[in-house]
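Colleague: Dropping the structure in here first, questions after.
Since every read-out is calculated from the coordinates, none of them should be taken as a lab result. Worth saying up front: this structure is predicted, and the values here are computed from it rather than measured. Every residue, glycine among them, receives a Cβ derived from its backbone with ideal geometry; neighbour counts consider all protein chains shown.
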Amino acid sequence: MNRFKKMAIPYLIWMIILVLIPIVILIIMSFQRTKGIKIFEGTFNNNFKIIFSKDVMQRLWLSFIYSAVVTVFCLIIAYPVAYIIARANFKHRFLVLSFLILPMWSNTLLRTKGIASLFMEGNIFTSLFEKIGITLPTLNWYATPMGVITGMISMYLPFMILPIYNSLEKIDKSLYDASDDLGANAFKTFWKVTFPISLKGITTGIILVFLPCATGFGVAEQLGENGLIGTYIKTQFDNEATYGVGALVSLIILVIIIGALFIVGKVDKEGETLL
Amino acid sequence: MAKEKLIELKNITKSYDGEIAVDHLNLYIRENEFITLVGPSGCGKTTTLRMIGGFETPDEGEIIMNGVLVNDLPPHKRPINTVFQRYALFPHLNAYGNVAFGLNNRSLKELVEFYTEEKVLATIKELFPNYQYQGKPSGLKLRKAINHLIDESVKEALKLVNLEGFEKRKVDSMSGGQQQRVAIARAIINKPKILLLDEPLAALDLKLRQNMQYELKEMQRKLGITFVFVTHDQEEALTMSDTVVVMSKGVIQQIGTPEDIYNEPKNSFVANFIGESNIINGIYKGDKKVFFMGQEFECVDENFENGEEVQVVIRPEDWDVVPLDKAKLIGKVDASVFKGVHFEHCVIIEGKELIVHTYEFVKVGEQIGLNVDPYEIHLMKKEAVDAEEVLEEILNLEDEGPNNE
Amino acid sequence: MMSKKVISKGNLVQNSNKTKRKLKNKKYQVIINNQKVLITLKPKQMLPVTKQQPKKLPISYHRSKKILATILKIIIISFAAFLIYVPIVVILFQSINGSKNNDVFTNFSLKWYGGLFNPEYFLNNDGHLSSSDIQAAKELQEAIFQTFTVTISSTIISTILGILFALGINALSRKKRQKMILLNNVPIVNADIVTAVTLMIIFQVFFSIFHIELGFISILISHIFFSLPYVVLSILPKLSEIDHNLYDAAVDLGCSPFKALLKVIIPAIKSGIIMGMLFAFTMSIDDFTISYFTGARLYSNVSCIIYLRKSKSLSPSVYAYNTILTFGILLVLVGYNIYVHLKNQKKKLKNNKE
């Protein structure tokens, strides 16, 4: 099948055009004040001054804290769920799992909007229950950390369950027998065998939850939170005059991601973490 | 040699989803014995092994170890270790971690017991020559000494399986043979009373397999522990074992030494499964004489009734080729294959096919004269009627019975 | 040895076929001389079976512990399901709400479902709605159409390209392959917003040369761009599993290279292709960030509409759309599971017959 080698070349070109060249432009832009992307007409501008302003730093910090909390909660909830389903002696395991990840196919923004509406006074449930004479308490979580975190957990939980389930499902059942045979009780088997092997799934889950939480803006804005870094980048690109700043912040995020992946790559040398 | 019974299975039955895997099985395993369960796939040998290991509980019957009923004792509490079929090595640990796994699972107290107190104290003295203590050494020093001993044990176990210097290797970067050695080291380091081996050689190639057969046998002799070996390969069973248990359809067909099993199979299943056989219907004529294929032969078996129908087993290599005028049986060679050391001929006598192994070449189509020595003739009792015939009998009896469907 | 007398005492203990009526032949277990024998009968010969009573287990400490564990498991899973499904339920109620204000439930109505297919329909039946509401519904209709146009075409194109690229990467030497896989993973691990920004920049550069505005084309290319890595990554492991001689064997037996690909390689990696397609579809249908940056002004999908329109100018038919989508996929899923279940059962029956 070596004759197919040539087919990798167009992919390489495609990737160079859509990944490498834009990054180069991004780097050039980040030093300029431009109107749109007219990089050859731009003038030098020290965007770093803006970047290291209190506003941006606060946004970065807030984004990090929110996503860290959401990721930890997702992990705490998702691991037992994935573990229970993967180890269940139940024929329709896959059906239960698909039921849990099914909302991945419905619109994320709309779902966020739906859960956000519950955090506000006078939502569809309070009006429904009023009809039968029950007054539901108002949560008043809209635009509060509580509301943002709860909403994000609701959105991103399936992305944590799926990879952990996959890693647990793949574990050869005979490993449990072997561990039992070598004197480990159920608790020890979990800590010494199951958990270490599922670390790859956990890493994937963390990437899948942490990244969009920290850098996205759609979900957070629906929940009433406009103070995250994603919103900031979006605003910079809404206005042609501030493309340079937006480019610089995007670059910083890119560098952080590459750094994080480098660490993951050190731990997992085969690079099997993804999928 | 009266060795003590280590473990005894009494009337064990196990079924999965209504399919019976092991059926009223009785077996005992003695100290320092190499016992092999052999049979075709689905004969219940692995199920039996898993029940000894504690991975399955029998539906009926008793498993008795040292006089104690252990049916429900979980594997981690049994003094038994297993080498699994596809090794089941922990992929997240290296060779060292895999081998040390069992010992690391034990508590400090158990480990002191395992290594004996004198040895642990001696190790402390060796490691910390200036350390003074009253009564008991401190927990930290004890732990260090134990860790040192575990380290020694792991290296020793790896040395025993010829894997010195492989401590740091990831198990999935090892070859099948090396993985298998790690699996063995991982089990024997715990000094189990019984080592269970579930088709451990099945995934290896022929040459490696033959080497490992020899090495395993050596290891068993050196360690002096009981090996319970499961295989579907009859040759493997015969070469390695002290005792062979032939199983089929969840039932033990025969238990015996390899010689017994080969030379005196109890039924046609054993005769066919262990080596090749010619099975011929005959009639016992009394006085060590048996009649088959139109001739009377002398034999050595005598506990049959005069005129009883018997089955005669003759191994292909036991036939003697003799000149036609001295032959008792004369047949035509129908096909002939060279097998390296010998020729395999298919000989037709009165419409019945016989397999004959000889060292001489005989042309296909030629006549061949055969003879057989009395001690090469093995007689078996005529076997039970098969299921179809049983059915006929039942139907005849219950013909008028109610038809419930 | 078995005599006729012993045979007659054969005790029928078990009728080993669970599905009783459909089978022509039945199997019985008969105990003879303490040995169980399996026999097969034709329907005419069916026998009464003496049933073995299954032993009842006493309720023990062990068992009550098990029940407790099961309850705990159900609670944990229900909690997760609750968290995940709350918004779905909210959307469901909003979709059947008669009021335009989706925070106040007035009466049960399916008009938003109707509005999804024919916006004019509910103007005639409902005096409360203004022409701007119909405009919103029409806009939504268009957005749904555009969403599916982009999703379906990007899924198909990225699957086809993904197969070819995966074949190419698979044929590379080990080192080159690892580098390509690394490059392939960039869009997967990269933050959506960074991908979106870089794509927008490159499109603006190229499109300004040809004086085209960002719209359908740029969105389609972006969707293909972020779907492709998933397709490639799903197919590659399947490709490395298949026999290296498979393709050569097909060519040797007279297939043209293209035919060999179509008839031999593709079927061998089918499961990977389906996985990849599913990924591509999932990523594309729910994408917001990248579509928003690469052409939402001219070509909006549902997510962009939801983001850009304030609640009042967003047609509640969007709730109907999402509910149909969710339950449609649920139906497909359950249907698929039932199909697999039935297939397995058929197989079992067949095996039993043999």
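Colleague: Using Cα pairs closer than 8 Å and at least 6 residues apart in sequence, work out the relative contact order for the range A:52-267, in percent.
Modeller: That works out to 28 percent.
Colleague: Using the Cα centre of chain B as origin and beta-carbon charges of +1 (Lys, Arg) and -1 (Asp, Glu), tell me which of B:G139, B:I29, B:F343 is placed farthest towards the positive end of the dipole.
Modeller: It is B:G139.
Colleague: A further question on this structure: Cα convex hull of the range C:287-354: how many Å³ per residue?
Modeller: Per residue, the Cα convex hull of the range C:287-354 comes to 105 Å³.
Colleague: Per residue of A:9-18, what is the mean number of Cβ atoms on other protein chains within 10 angstrom of that residue's Cβ?
Modeller: Mean partner-chain Cβ count within 10 Å for A:9-18: 6.
Colleague: In terms of modelled amide H atoms, which long-range or inter-chain residues lie less than 5 Å from the amide H of B:G286?
Modeller: B:G307
Colleague: Between B:V362 and B:H148, with labels modelled 7 Å along Cα→Cβ, what's the label distance in nm to one decimal, could you check?
Modeller: 7.2
Colleague: A further question follows. What helices in chain A pass both tests, a Cα length along the helix axis of 18 Å or more and a mean Kyte hydropathy of 0.0 or higher, using whole DSSP H runs?
Modeller: Once both thresholds are applied, what remains is A:54-87, A:145-169, A:195-215, A:243-267.
Colleague: Follow-up. For n ≥ 4 DSSP H runs only, could you compute -39500 (n - 2.57) per run for chain B, divide by its residues and tell me the 222 nm figure to the nearest 500?
Modeller: Calculated from helices alone, the mean residue ellipticity at 222 nm is -9000 deg cm²/dmol.
Colleague: If N is the number of residues in the range C:148-217, what value comes out of its Cα radius of gyration divided by 2.2 N^0.38 Å?
Modeller: 1.37
Colleague: Going 7 Å from the Cα of C:I160 along its beta-carbon direction, which residues of the range C:226-250 have the amide nitrogen within less than 18 Å of the resulting point?
Modeller: Backbone N within reach: C:226-229, C:231-232.
Colleague: Give the Kirkwood hydrodynamic radius (Å, one decimal) of the range A:52-267, defined as one over the mean of 1/r across all pairs of different Cα atoms.
Modeller: 19.7
Colleague: Given the pairs B:K288/B:K326; B:K207/B:K352; B:K10/B:K119; B:K14/C:K73; B:K10/B:K109; B:K207/C:K348, which are separated by over 31 angstrom at their Cα positions?
Modeller: B:K207/B:K352; B:K10/B:K119; B:K10/B:K109; B:K207/C:K348
Colleague: I would also like to ask the following. Based only on other Cβ atoms within 10 Å, what is the fewest-to-most ordering of B:C346, C:C304?
Modeller: B:C346, C:C304
Colleague: Would you please give the residues with an amide H less than 5 Å from that of B:I7, counting only those at least 5 places away or on a separate chain, with H modeled from the backbone geometry?
Modeller: Those lying under 5 Å, H to H, from B:I7 are B:I29.
Colleague: If you fit an axis through the alpha-carbon atoms of helix B:95-104 and take the longest principal axis of the Cα set of chain B, what angle between them do you get, 0 to 90°, nearest 10?
Modeller: 80
Colleague: Counting each DSSP H run of 4 or more residues in chain A as -39500 (n - 2.57), what helix-only mean residue ellipticity at 222 nm follows after dividing by all residues, to the nearest 500 deg cm²/dmol?
Modeller: -21000 deg cm²/dmol
Colleague: Which order results if A:F129, C:F293 are arranged by neighbouring Cβ count within 10 Å, fewest first?
Modeller: A:F129, C:F293
Colleague: Hey, what does the equivalent ellipsoid look like for the range A:151-247, semi-axes from the Cα gyration tensor as sqrt of 5 times each eigenvalue, largest first, whole Å?
Modeller: Semi-axes, largest first: 43, 12, 9 Å.
Colleague: Right, next: Quick one: helix B:206-223 against the long Cα principal axis of chain B, what's the angle to the nearest 10°, folded into 0 to 90?
Modeller: 60
Colleague: Could you put A:K113, B:K14, C:K111 in order, starting from the residue whose Cβ has the fewest other Cβ atoms within 10 Å?
Modeller: C:K111, B:K14, A:K113
Colleague: Can you give me the distance in nm between label points at A:N46 and A:H92, each placed 7 Å from the Cα along the Cα-to-Cβ direction?
Modeller: 6.6
Colleague: Could you tell me what a quarter of the Cα convex hull surface of the range B:276-381 works out to, in nm² with one decimal place?
Modeller: Computing the convex hull of the Cα atoms and averaging its projections yields 6.4 nm².
Colleague: Follow-up. At q = 0.06, 0.10 Å⁻¹, what is the base-10 log of I(q)/I(0) for the protein assembly as shown according to the Debye formula with one equal point scatterer per Cα and no solvent? Please give it to two decimals.
Modeller: Relative scattering, expressed as log10 I(q)/I(0), comes to -0.68, -1.32.
Colleague: In Å and on Cα atoms, what radius of gyration and Dmax does chain B show?
Modeller: Cα radius of gyration and Dmax of chain B are 27.6, 94 Å respectively.
Colleague: Enumerate the calculated ³J(HN,Hα) couplings along the range C:184-196 in order (Karplus 6.51 cos²θ - 1.76 cosθ + 1.60, θ = phi - 60°), each rounded to whole Hz, writing x wherever the residue is Gly or Pro.
Modeller: 4, 7, 3, x, 6, 8, 5, 5, 3, 5, 5, 4, 4
Colleague: While we're looking at this one, here's another question. Distances longer than 24 Å among the Cα atoms of the range C:138-315: what percent of all pairs is that?
Modeller: 46
Colleague: May I ask for the angle, rounded to the nearest 10°, between helix B:176-188 and the longest principal axis of chain B, with both axes built from Cα atoms and the value confined to 0 to 90°?
Modeller: That helix lies at roughly 70 degrees to the long axis.
Colleague: Next question, about the same structure. At what distance in nm do the modelled label points of B:L223 and B:D17 sit from each other, each positioned 7 Å from its Cα along Cα→Cβ?
Modeller: Output for this residue pair reads 3.5 nm.
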